[in-house]
Structures are given as C-alpha cells and as structure tokens.
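Everything below concerns the one structure shown next.
The values are calculated or read from the model by the stated rules, or taken from the named source; none is laboratory data. Here the structure is a predicted model, which is why all the values come from computation and not from measurement. Here the Cβ is made from the backbone with ideal geometry for all residues, glycine too, and neighbour counts use every protein chain on show. These area figures cover heavy atoms from the full protein model, side chains too; ligands, DNA and RNA do not enter into them. Shrake-Rupley method; radii C 1.70, N 1.55, O 1.52, S 1.80 Å.
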Amino acid sequence: MKHVYNFNAGPAALPREVLQKAKEELLDFEDTGMSIMEHSHRGKHYEAVHEQAKNLLKELLSIPDEYEILFLQGGASLQFAMIPMNFMKQNQKPGYILTGSWSEKALKEAKKIGEAEEIVSGKSSNYSSIPEIPSLFSDDYTYVHVTSNNTIFGTQWASFDHLEHPFLIADMSSDILSKRFPVEKFGMIYAGAQKNLGPAGVTVVIMRKEVADKANKELPTILSYETHMKNRSLYNTPPTFSIYLLKLVLEWAKELGGLEELERRNKEKAKLIYDAIDESGGFYTGHAEKDSRSLMNITFTLQNEELTKQFLKEAQEQGFSGLAGHRSVGGCRASAYNAVPLEACQALKKFMIEFQEKQGN
Ligand SMILES: Cc1ncc(COP(=O)(O)O)c(C=O)c1O
C-alpha cells in the first residue's frame, strides 16, 4: 500500500487503528451477521453505539449534566443558519466576532434571517491574528458567536478567558477535541466531525438544555433544536455509520490518554513545523502572528508563486498529501489534526529543510 502523510484540512486523517477496527467489523458487527450500516437506527445495537458516542464525548470533554449532545446533519454550514433561526429575537441582535472566512459565512447567514452585527473583525490584517476583543461588549446581544480555530488562515484562540457573555456560541469545527476548553462558558458549541472527530456526515452540537427551551418554536420541525433534543437525535434517521466511526475515534482518544495527551502531542507536532518556518531565515513565512498560531492548521508561504508550486509538487511526489493552502488564500497549509502522527510532522520538517537547502538557501 502506498504510504502517504495526510495533511488534508478536512475531510482529514483518521487514526489508522480506527480504520482497522472498522474494517474488521464492517461485515459483521458484534456477531450480528450484519454491518452496523445495515442495522435499524431504532434497534438495540445501533442505539448502544449512539449512546456510547455521547457518553465518551461527555467524558472526554467534561461536559456538565446541564448539556445535551446532538448528532445532526448538514455540516457546520447548516448550523450557520439554524442558530439565527432558533435564537434570533425581535428587537435584539446577535453579535459575531470575525476571525476568518467561516465566521464571515456564519454572519452572512444570520443576516439572511434578521439583523446581526459584527462586534470586531480581523479582516484588515487579512485575519493573521485573533483581534483584540472589546473589554466590555454589550450583554444585549442575543448571543455572541465565535470561531475557535480558523481553518483557512491558521489562527486559533489561545484562551477564552477574556470572553464574557451570557450566551456564547462557538464553531469549534476545526479544533474540538484537540485541547481542553471550558465547556460551561458556552451556551452552545458545534463542530462538523470531519477534522478531529471522524468522517464527514455528522455534526456534533453541545447545547445547554435551558437554551433550547428558549428557542423559536415556530420553525419547520427538522430545523428546531428542540426536536432533536426531545428525540435524542433520532427524530429522523441519523448518519449511523459516521456516528459509529465517531465512537471509534473517541475510544481511540480515550485510550491514548484523553485531551491532555492529545494537546501535548498537538503542541509537539505543530512546533516542529513552526520551527522549520521560524528557522528558515525568511525562506518560509508563516501567515499567523505568533500569539495567534493554530496548533491545527499551519499556514505559510514561500518567497514567490513559482517556488510555492515547486514545493507543493515535490511534496506531493514525496508522499505529502493536502499541503496546498485553501483556494481562497493560496500558499501552503499543513493540517496536523489529532490523527496526524508525529512522524508525519517530523517528515514534513525534514522535507522543508531539505527543499530549502536544495534551493541554495
Ligand atoms: C471552522 C469551520 N467552520 C465551518 C466549516 C464548514 O463545515 P461543513 O463543510 O461541515 O459545513 C468548516 C469547514 O472546513 C470549518 O473549518
């Protein structure tokens, strides 16, 4: 089998052990003579998987009892619309903190539903850092929306200490499960699974139960959080295979030592690549300001377009996959999510140094 180092931004690398286990169980799940994909979502075998996935997430992220975990579809993008649909109120606007393209998209959707306001934006510096948050922003906002990790620009909130609002909502699509964070600070957290949690197809929503009680009750049934809460995410057929793989990924994370160990590994991995950038004497330039650097998505450019193309071409030949930057910004991006092994980052660092040396730098 061809050996690759998978640095894709999402869908992204999955732990090899998880894929191996899924392969072993694919045709015959727990001696039932059927694949988990063929089981009814209302049957006891799938139901057990569904509950185990929730329990593992609760345990790993230390989610308090006042929260419900939902498994939805439509990606994080559907959440951009469902959030304002459920929580916007007349005469009260939500506020959005803009730290990149995904937060812009979230605000754009909110504006289609009603009035919504930008609180602060990092756009003027091309989203190279997490902007300074106004120390006192109004509690009058219905909710305040943030994006914890900016997948395209490669920036990440180092902490949420200075962020205070009674109803905070975070899009954690690209850094959930990568480090510990205070769940109880947020009314709602959501994440498409296809980076750190599993394959595409399921979106995890973690919501304080009282928040759903206050949501708009006049929505089409499928778009209401209340529906999914009341039905334990089984109102309609959930993406059962994606949730099964999510459960395997969570088991893998627990076995590894949980969030603390994942964070330790992620720091070690990202440091290797940031070191290659910082020690290159300007041959590679990081996009993110140092204090806003993401542990998940490491974005950088070379001195010109031609060199970037050459770098990406040779990297591909050497087995590095997914290193091209997002089509909207160009350059290079190494996504070192949980499942990317240390060896892949060591190999990338070595490749970056050798490429630079070959160019006579
Ligand atoms: C931070 C962030 N939010 C939202 C999305 C959109 O997710 P989806 O494709 O699941 O709708 C992405 C996708 O990369 C993302 O990185």
Long-range neighbours under 9 Å by Cβ, at least six apart or interchain, first residue free of Cβ contacts under 8 Å to residues at least 60 places away in the same chain within segment 348-361, second part of a loop (DSSP other than H, G, I, E, B) and open to solvent by less than 70 Å² (accessible area, probe 1.4 Å): Phe355/Phe283; Phe355/Leu302
Per-region count, segment 252-291, residues under 23 Å from Glu17 (Cα atoms), in contact (Cβ under 8 Å) with a residue 24 or more places away in the chain and of a type in the set (D, E, K, R): 7
Qualifying positions in segment 292-304 - open to solvent by 10 Å² or more (accessible area, probe 1.4 Å), touching a residue at least 24 places away in the same chain (Cβ under 8 Å) and farther than 16 Å from Asp175 by Cβ: Thr301, Leu302
Residue check, Arg180 more than 16 Å from the ligand (Cβ to nearest atom), open to solvent by 20 Å² or more (accessible area, probe 1.4 Å) and touching a helix residue (DSSP H, G or I) at 6+ places or on another chain (Cβ under 6 Å): yes
Helices (runs of 4 or more DSSP H) wholly inside segment 1-116 containing at least 1 residues that are on the phi < 0 side of the Ramachandran plot and touching a strand residue (DSSP E or B) at 6+ places or on another chain (Cβ under 7 Å): 44-61, 75-87, 101-113
Single unsatisfied condition, Leu272 versus (1) outside the structural domain of Glu59 (by TED's automatic domain parsing); (2) in a helix (DSSP H, G or I); (3) open to solvent by 60 Å² or more (accessible area, probe 1.4 Å): (3)
Considering residues of segment 193-212 that are of a type in the set (Lys, Arg) and over 10 Å from the mean Cα position of the chain (by Cα) only, the residue surrounded by the most Cβ atoms within 10 Å (Cβ to Cβ): Arg208
Lone qualifier among Gly95, Gly122 - being within 24 Å of Asn266 (Cβ to Cβ), surrounded by 17 or more Cβ atoms within 10 Å (Cβ to Cβ) and more than 12 Å from the ligand (Cβ to nearest atom): Gly122
Condition met for Leu295 (modelled with pLDDT of 95 or more and part of a helix (DSSP H, G or I)): no
Any hit, segment 147-167, residues being more than 9 Å from the ligand (Cβ to nearest atom), within 27 Å of Ile113 (Cα to Cα), open to solvent by less than 10 Å² (accessible area, probe 1.4 Å) and assigned to a strand (DSSP E or B): no
Residues being in contact with a helix residue (DSSP H, G or I) (Cβ under 8 Å, 6 or more places away or on another chain) and either open to solvent by 20 Å² or more (accessible area, probe 1.4 Å) or at pLDDT below 95 (or both) - total across segment 57-70: 5
Only one of Ser242, Ser233 that is closer than 19 Å to Gly201 by Cα, in contact with a Gly (Cβ under 6 Å, 6 or more places away or on another chain) and either open to solvent by less than 60 Å² (accessible area, probe 1.4 Å) or at pLDDT 95 or above (or both): Ser242
